[in-house]
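Down below is the structure, laid out as C-alpha coordinates.
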Amino acid sequence: MDLIRLLTRGFKAVVSHYMGIKSRIVLEVLNNKPVDPIIILDQNSILSRTIGLEGSSIPGIHINQLVEARKGLLIVFEPGEEIEFYPLVKNYGNILVFTTPGSKARIPRFFAKIYVDKIDEDTYLMRMWKGRVVRIYVDMDRLRIASKPEGVYGRVYDLLRKLMIEYGEITIKDAIRAVSLELGVEKKVARQIIYKLLKERYFRVVHGKITLY
(Lines give C-alpha, C1' and ligand atoms only; values in the text may rest on other atoms or scores of the structure.)
Protein backbone atom coordinates (compact mmCIF):
# COMPACT_ATOMS: atom_id res chain seq x y z
CA MET A 1 0.00 0.00 0.00
CA ASP A 2 1.26 3.46 -0.88
CA LEU A 3 0.50 5.20 2.41
CA ILE A 4 1.69 8.64 1.33
CA ARG A 5 -0.41 8.61 -1.83
CA LEU A 6 -3.40 7.46 0.21
CA LEU A 7 -2.97 10.28 2.73
CA THR A 8 -2.45 13.00 0.15
CA ARG A 9 -5.54 12.34 -1.96
CA GLY A 10 -8.82 13.98 -0.97
CA PHE A 11 -9.57 15.32 2.50
CA LYS A 12 -7.84 13.58 5.40
CA ALA A 13 -7.14 14.39 9.08
CA VAL A 14 -4.39 12.68 11.08
CA VAL A 15 -5.28 12.78 14.77
CA SER A 16 -2.60 11.93 17.33
CA HIS A 17 -1.03 13.06 20.60
CA TYR A 18 2.41 12.22 19.19
CA MET A 19 4.07 15.14 17.47
CA GLY A 20 7.02 13.02 16.36
CA ILE A 21 5.07 10.72 14.04
CA LYS A 22 3.01 13.60 12.65
CA SER A 23 6.20 15.46 11.75
CA ARG A 24 7.67 12.26 10.25
CA ILE A 25 4.66 11.83 8.00
CA VAL A 26 5.02 15.41 6.76
CA LEU A 27 8.71 14.83 6.04
CA GLU A 28 7.81 11.68 4.11
CA VAL A 29 5.32 13.67 2.05
CA LEU A 30 7.92 16.37 1.35
CA ASN A 31 10.55 13.79 0.40
CA ASN A 32 8.23 11.91 -1.94
CA LYS A 33 6.32 14.96 -3.19
CA PRO A 34 3.37 12.93 -4.59
CA VAL A 35 1.61 16.13 -5.70
CA ASP A 36 2.75 19.56 -6.80
CA PRO A 37 2.68 22.15 -5.38
CA ILE A 38 2.60 21.50 -1.63
CA ILE A 39 1.31 24.33 0.53
CA ILE A 40 1.91 24.20 4.29
CA LEU A 41 -0.26 26.19 6.67
CA ASP A 42 1.73 26.24 9.91
CA GLN A 43 0.52 29.41 11.61
CA ASN A 44 2.03 28.60 15.00
CA SER A 45 5.34 27.43 13.46
CA ILE A 46 5.10 24.13 15.37
CA LEU A 47 6.03 22.07 12.33
CA SER A 48 8.63 24.55 11.10
CA ARG A 49 10.49 24.43 14.41
CA THR A 50 10.22 20.64 14.61
CA ILE A 51 11.62 19.77 11.19
CA GLY A 52 13.60 22.92 10.44
CA LEU A 53 11.46 24.67 7.84
CA GLU A 54 11.83 28.14 9.34
CA GLY A 55 13.50 30.49 6.91
CA SER A 56 14.02 27.76 4.33
CA SER A 57 13.15 27.96 0.68
CA ILE A 58 12.22 24.60 -0.86
CA PRO A 59 11.22 24.54 -4.54
CA GLY A 60 7.52 23.75 -4.89
CA ILE A 61 6.88 24.11 -1.15
CA HIS A 62 4.93 27.16 0.02
CA ILE A 63 4.87 27.86 3.76
CA ASN A 64 1.96 30.01 4.97
CA GLN A 65 1.45 31.30 1.42
CA LEU A 66 -2.02 30.15 0.44
CA VAL A 67 -1.60 30.02 -3.32
CA GLU A 68 -4.63 28.46 -5.00
CA ALA A 69 -3.84 24.96 -6.26
CA ARG A 70 -6.77 22.64 -6.95
CA LYS A 71 -4.45 19.81 -7.98
CA GLY A 72 -1.85 20.43 -5.28
CA LEU A 73 -1.86 19.56 -1.58
CA LEU A 74 -2.58 21.80 1.38
CA ILE A 75 -1.08 20.59 4.67
CA VAL A 76 -2.62 22.23 7.74
CA PHE A 77 -0.54 21.57 10.86
CA GLU A 78 -2.13 21.91 14.30
CA PRO A 79 -4.84 24.42 13.31
CA GLY A 80 -6.67 26.53 15.87
CA GLU A 81 -10.41 27.13 16.03
CA GLU A 82 -10.01 30.35 14.03
CA ILE A 83 -9.21 28.50 10.80
CA GLU A 84 -12.21 28.13 8.47
CA PHE A 85 -11.95 24.93 6.46
CA TYR A 86 -14.88 25.34 4.08
CA PRO A 87 -13.25 28.21 2.11
CA LEU A 88 -10.07 26.10 1.89
CA VAL A 89 -12.03 23.12 0.54
CA LYS A 90 -13.26 25.31 -2.32
CA ASN A 91 -9.69 26.15 -3.37
CA TYR A 92 -7.84 22.89 -2.71
CA GLY A 93 -8.68 19.43 -4.00
CA ASN A 94 -6.40 17.72 -1.48
CA ILE A 95 -6.10 18.73 2.18
CA LEU A 96 -4.19 16.86 4.88
CA VAL A 97 -4.73 18.10 8.43
CA PHE A 98 -2.61 17.16 11.45
CA THR A 99 -4.30 17.74 14.78
CA THR A 100 -4.40 16.60 18.40
CA PRO A 101 -7.32 14.85 20.17
CA GLY A 102 -9.41 17.46 21.94
CA SER A 103 -8.33 20.26 19.61
CA LYS A 104 -10.86 23.04 19.10
CA ALA A 105 -10.19 23.06 15.35
CA ARG A 106 -13.47 22.72 13.45
CA ILE A 107 -12.59 20.09 10.88
CA PRO A 108 -15.54 19.20 8.60
CA ARG A 109 -17.09 15.79 9.21
CA PHE A 110 -16.50 14.64 5.64
CA PHE A 111 -12.73 14.58 6.28
CA ALA A 112 -11.59 10.95 6.67
CA LYS A 113 -10.06 10.63 10.16
CA ILE A 114 -6.86 8.65 10.79
CA TYR A 115 -6.00 8.01 14.44
CA VAL A 116 -2.37 7.26 15.31
CA ASP A 117 -1.33 5.58 18.58
CA LYS A 118 2.16 4.75 19.79
CA ILE A 119 3.07 1.12 20.51
CA ASP A 120 6.75 1.55 21.31
CA GLU A 121 9.61 3.93 20.52
CA ASP A 122 9.64 3.16 16.80
CA THR A 123 6.21 1.64 16.13
CA TYR A 124 2.83 3.29 15.63
CA LEU A 125 -0.64 2.02 14.90
CA MET A 126 -2.69 3.92 12.36
CA ARG A 127 -6.46 3.38 12.46
CA MET A 128 -8.17 4.36 9.25
CA TRP A 129 -11.72 4.42 7.97
CA LYS A 130 -13.77 1.21 7.58
CA GLY A 131 -11.75 -0.50 10.32
CA ARG A 132 -8.52 -0.53 8.37
CA VAL A 133 -5.38 -0.68 10.53
CA VAL A 134 -1.82 0.04 9.39
CA ARG A 135 1.32 -0.52 11.46
CA ILE A 136 4.10 2.01 10.87
CA TYR A 137 7.78 1.66 11.76
CA VAL A 138 10.21 4.57 11.87
CA ASP A 139 13.13 2.77 10.24
CA MET A 140 16.42 4.59 9.53
CA ASP A 141 14.61 7.93 9.41
CA ARG A 142 12.09 6.51 6.95
CA LEU A 143 8.58 5.21 7.42
CA ARG A 144 8.03 1.54 6.77
CA ILE A 145 4.73 -0.33 6.72
CA ALA A 146 4.41 -3.91 7.90
CA SER A 147 1.22 -5.95 7.87
CA LYS A 148 2.42 -8.68 10.24
CA PRO A 149 5.29 -9.46 12.64
CA GLU A 150 8.39 -11.35 11.64
CA GLY A 151 9.69 -14.83 12.47
CA VAL A 152 7.78 -17.11 14.80
CA TYR A 153 5.40 -14.28 15.68
CA GLY A 154 4.47 -14.00 12.03
CA ARG A 155 3.70 -17.74 11.92
CA VAL A 156 1.46 -17.43 14.96
CA TYR A 157 -0.19 -14.32 13.53
CA ASP A 158 -1.05 -16.22 10.32
CA LEU A 159 -2.29 -19.23 12.30
CA LEU A 160 -4.63 -17.20 14.50
CA ARG A 161 -6.01 -15.30 11.52
CA LYS A 162 -6.65 -18.60 9.74
CA LEU A 163 -8.46 -19.99 12.80
CA MET A 164 -10.61 -16.86 13.06
CA ILE A 165 -11.60 -17.21 9.39
CA GLU A 166 -12.45 -20.90 9.83
CA TYR A 167 -14.22 -20.77 13.19
CA GLY A 168 -15.27 -17.14 13.57
CA GLU A 169 -14.26 -16.89 17.20
CA ILE A 170 -11.47 -18.47 19.24
CA THR A 171 -10.76 -18.26 22.94
CA ILE A 172 -7.35 -17.63 24.51
CA LYS A 173 -7.36 -21.27 25.66
CA ASP A 174 -8.04 -22.54 22.12
CA ALA A 175 -5.39 -20.24 20.69
CA ILE A 176 -2.75 -21.46 23.15
CA ARG A 177 -3.57 -25.08 22.36
CA ALA A 178 -3.39 -24.47 18.60
CA VAL A 179 -0.08 -22.58 18.79
CA SER A 180 1.42 -25.23 21.08
CA LEU A 181 0.53 -27.97 18.58
CA GLU A 182 1.57 -25.95 15.52
CA LEU A 183 5.01 -25.00 16.88
CA GLY A 184 5.61 -28.07 19.01
CA VAL A 185 6.24 -25.98 22.12
CA GLU A 186 4.92 -26.02 25.66
CA LYS A 187 1.70 -24.16 26.38
CA LYS A 188 3.67 -21.72 28.54
CA VAL A 189 5.75 -20.68 25.52
CA ALA A 190 2.66 -20.51 23.29
CA ARG A 191 0.98 -18.25 25.86
CA GLN A 192 4.01 -15.91 25.94
CA ILE A 193 3.97 -15.58 22.15
CA ILE A 194 0.24 -14.85 22.07
CA TYR A 195 0.46 -12.29 24.86
CA LYS A 196 3.30 -10.51 23.07
CA LEU A 197 1.06 -10.21 19.98
CA LEU A 198 -1.70 -8.88 22.21
CA LYS A 199 0.67 -6.40 23.85
CA GLU A 200 1.84 -5.15 20.46
CA ARG A 201 -1.79 -4.79 19.36
CA TYR A 202 -1.90 -7.30 16.56
CA PHE A 203 -4.88 -8.81 18.35
CA ARG A 204 -7.13 -7.96 21.26
CA VAL A 205 -9.47 -9.88 23.54
CA VAL A 206 -13.16 -8.99 23.49
CA HIS A 207 -15.49 -10.90 25.83
CA GLY A 208 -12.93 -13.66 26.17
CA LYS A 209 -12.46 -14.08 22.41
CA ILE A 210 -9.42 -13.11 20.33
CA THR A 211 -10.08 -10.69 17.50
CA LEU A 212 -8.00 -8.49 15.20
CA TYR A 213 -7.09 -5.14 16.63
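Determine the share of the chain's accessible area contributed by carbon and sulfur atoms, expressed in whole percent, with a 1.4 angstrom probe. Write out the running numbers ahead of the final one.
On the way: 5690 of 11660 Å².
Reported share for carbon and sulfur atoms: 49 percent.
With a probe of 1.4 Å, find how much accessible area the chain has per residue, and write the answer as a whole number in Å². Present the calculation step by step, with values, prior to reporting the outcome.
Details: 11660 Å² over 213 residues.
Spelled out: the 1.4 Å probe surface of the chain, per residue, equals 55 Å².
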Lys, Arg +1 and Asp, Glu -1 on Cβ, resulting dipole of the range 53-122 about Cα centre, debye, nearest 20: 520 debye
Residue among VAL15, ASN31, VAL134 farthest towards the positive dipole end of the chain, charges placed on Cβ: VAL134
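Let me know the charge dipole size of the range 1-152 about its Cα centre in debye, to the nearest 20, where only the beta-carbon of Lys, Arg (+1) and Asp, Glu (-1) is charged. Provide the component values of the computation, followed by the final result.
Numbers: 22 positive and 17 negative charges, 147 e Å.
Using only the charged Cβ atoms, the result is roughly 700 debye.
Roughly speaking, what is the stretch gain from VAL189 to LYS113, that is 0.36 nm per residue apart minus the C-alpha to C-alpha distance, in nm to one decimal?
Going from the current span to full extension adds 23.5 nm.
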Charge dipole of the range 70-213 about the Cα centre (unit charges at C-beta), most positive-ward option of PRO149, ILE75, GLY208: GLY208
Helical contribution to [θ] at 222 nm, DSSP H n ≥ 4, -39,500 (n - 2.57), averaged over the chain, rounded to 500: -10500 deg cm²/dmol
Solvent-accessible surface (1.4 angstrom probe) belonging to VAL206, in square angstrom, nearest 10: 60 Å²
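Which entries in LYS71/LYS104; LYS90/LYS148; LYS22/LYS162; LYS148/LYS188; LYS113/LYS173; LYS104/LYS148 show an alpha-carbon gap greater than 32 Å?
Working: LYS71/LYS104 28 Å; LYS90/LYS148 39 Å; LYS22/LYS162 34 Å; LYS148/LYS188 23 Å; LYS113/LYS173 36 Å; LYS104/LYS148 36 Å.
Cα-Cα > 32 Å for LYS90/LYS148; LYS22/LYS162; LYS113/LYS173; LYS104/LYS148; rest within.
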Separation between Cα centres of the range 119-135 and the range 67-110, rounded to whole Å: 22 Å
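Place the peptides 183-190, 30-37 in order of packing, highest mean first, counting for every residue the other Cβ atoms within 10 Å and averaging per peptide. Could you put the intermediate results ahead of the total?
Values: 183-190: 13.4, 30-37: 15.1.
The most tightly packed comes first, giving 30-37, 183-190.
The values are calculated or read from the model by the stated rules, or taken from the named source; none is laboratory data. All values reported here derive from a predicted model rather than from experimental measurement. In this analysis, Cβ positions are derived from the backbone assuming ideal geometry, glycine residues included, and neighbour counts consider all displayed protein chains. For the accessible areas, the whole protein counts, side chains as well, though only heavy atoms, and no ligand, DNA or RNA atoms are used. Shrake-Rupley method; radii C 1.70, N 1.55, O 1.52, S 1.80 Å.
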